[in-house]
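Remarks on the structure that follows.
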Amino acid sequence: MDLPQLGLPILECLMRIFAIDLGDKRTGLALADRITCIASPAGLIEVPIDQENGRLLIDAIVKQFHQQASGPETEIVLGIPLNMDSTEGPRAKLVRDFATKLASRVDRPIVLVDERKTSQAADAQMSQTGLTHKQKKHRRDAIAAAAIAQLYLDEPDTSVIDTIDPIEHI
C-alpha cells in the first residue's frame, strides 16, 4: 500500500532511525524519522568504549534505545569511519566488532553508514554558536550522530557500507 502523494510504502514512512556516533570516551545519539526527513541530536553517553570490553557502553546505548526509540519500526544506524580512499582501517574493525555485539544484544540489524566528514559538519554547525570549547565538545558527538542519520535519510544508496545482522546464540 502506498501513500499516493509521496509514492512511498506506508511501512517505509513509519520508520524511525536511532543513530550512533561511537567514540572512545563519548558516544553521540540522534533520532530521525522518514516522515519529516529530519534528524536531531538525542543525547550523549559518557562511557568509555574500552570499559568491560564495551559491555557498559552497549548497556547504556540499549537503555537509551529502549527509552527513546525501541519500536519495531526503528532502524539502528552506526557511523563507520572509512579512510578517505574508502578503505577500512583499525578503527573501522573496532566499529564492526562493536556493531556485531550491539546487533546481538538488541536482536536487530545494525546499518553501518559512512561517517566521513560528519564530525567536520558538526564543527561547522557549531562554529558560529558562541559556545565555549567545552560546551562544543559535549554537543559535537550528538550533532555528528544527527549528521550520520541525516546522511542515511538523504543518501541511503551511497551512504550505507554494510548491515550487521544479529548472531544467533545456540
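The values are calculated or read from the model by the stated rules, or taken from the named source; none is laboratory data. What you see is a predicted model, and the numbers here were worked out from it, not measured in a lab. Cβ sites come from the backbone with ideal geometry, for glycine too, and all protein chains shown count toward neighbours. Accessible surface is based on the protein model in full, side chains and every heavy atom, while ligands, DNA and RNA are left aside. Shrake-Rupley method; radii C 1.70, N 1.55, O 1.52, S 1.80 Å.
Odds and ends about this structure:
- Loop-resident trypsin sites (Lys or Arg not before Pro) (DSSP state other than H, G, I, E or B) in region 15-78 with no more than 14 further Cβ atoms inside 10 Å of their Cβ: Lys25.
- Ser159, Ser104, ranked by accessible area, largest first (probe 1.4 Å): Ser104, Ser159
- Over the C-alpha atoms of region 28-108, the Rg to Rh ratio, Rh being the Kirkwood estimate, stands at 0.98.
- Added length on full extension, which subtracts the Cα-Cα distance from 0.36 nm per residue, Lys137 to Glu52: 28.1 nm
- Normalised per residue, the accessible area of region 28-170 is 54 Å², obtained with a 1.4 Å probe and no contribution from ligands, DNA or RNA.
- Projected label points at Asp162 and Ile38, each 7 Å from Cα along the beta carbon direction, are separated by 3.5 nanometres.
- Close amide-amide hydrogen proximity is noted between Arg16 and Thr74, Glu75, each under 5 Å apart and 5 or more residues distant or on a separate chain (H modeled in the peptide plane; Pro and chain starts excluded).
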